[in-house]
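Reading through the structure tokens given below for one structure.
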Amino acid sequence: MIVLKVAVFVSGRGSNLRAILDSQKLQDLISVTAVISNKIDCPAFEIAREYSINTYYLGKAEGAVQYSVLAKLLESLDIGLIVLAGFLKMIPADVIDVFRNRIINIHPALLPAFGGKGMYGMNVHRAVFNSTAKVSGATVHFVNEVYDDGEIIVQRKVDISDLTSPEQIAERVLKVEHELLPDVIEQFALNKISSDNARIEILN
Ligand code: GAR
């Protein structure tokens, strides 16, 4: 069995990163070989260190990994899949080119609604709450050059009709995220995600 090398990009708390690292079904399938962040002091880096995973701080400061060398770094690490788990910056176009259909993002709503620039974290849940929508959910999609625009791989919906705050929506959706993201990574590692005429299918 060939182990898929995964780089996880994060900007904050890292609960999705932890869900990936703790997933039993991923233990023999993948190895998270890099955790990369634009925030040097993000809690997700602490999680990476807890699991003895190399961390890379991405930015313009001296000593940081510059965006211009990111593609080279990922190639040198032999990364087969990039997972954006709460990463709030744009991935550079050259990285998207080199890793096309090998970069996935988790979004805490049902795209194409409640997506796009500025739609991240609690902003999304507040917009969903204010819209009076009765369902929300989580989406995992391939990443292209436009925010939240790439082909959708899977979505799972969440009934929010009984909830009375954006925070409650966030909590319920996050639980689903923690199941959905490892599920998709598993399917990817097993080569079961296929793109046919711009429709993504999960093969049995
Ligand atoms: C998650 O809810 C993720 O879906 C969201 O940020 C949170 C990160 O939490 N991502 C976006 O909003 C991207 N547009 P985590 O750091 O605990 O995994």
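The values are calculated or read from the model by the stated rules, or taken from the named source; none is laboratory data. Here the structure is a predicted model, which is why all the values come from computation and not from measurement. Neighbour counts are summed over all protein chains in view; Cβ atoms, including those assigned to glycine, are modelled from backbone coordinates with ideal geometry. These area figures cover heavy atoms from the full protein model, side chains too; ligands, DNA and RNA do not enter into them. Shrake-Rupley method; radii C 1.70, N 1.55, O 1.52, S 1.80 Å.
Structure values in brief
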| read-out | value |
| --- | --- |
| Filter result (farther than 13 Å from PHE9 by Cβ and buried (at least 17 other Cβ atoms within 10 Å of the Cβ)) within segment 34-52 | ILE47 |
| Top-ranked residue of segment 10-24 - restricted to ones that are surrounded by 13 or more Cβ atoms within 10 Å (Cβ to Cβ) and either more than 13 Å from the ligand (Cβ to nearest atom) or hydrophobic (A, V, I, L, M, F, W, C) (or both), ranked as farthest from VAL65 (Cα to Cα) | SER23 |
| Considering residues of segment 146-171 that are within 11 Å of the ligand (Cβ to nearest atom) and either open to solvent by 40 Å² or more (accessible area, probe 1.4 Å) or among the small types (Gly, Ala, Ser) (or both) only, the residue nearest to ALA7 (Cα to Cα) | TYR147 |
| Qualifying position, being away from the ligand (no atom under 15 Å from the Cβ), within 19 Å of GLU145 (Cα to Cα) and of a type in the set (Ser, Thr, Tyr), among SER31, SER76, SER68, SER52 | SER68 |
| Hey, PHE99 aromatic (Phe, Trp, Tyr), in contact with a helix residue (DSSP H, G or I) (Cβ under 6 Å, 6 or more places away or on another chain) and either open to solvent by 10 Å² or more (accessible area, probe 1.4 Å) or more than 10 Å from the ligand (Cβ to nearest atom) (or both) or not | no |
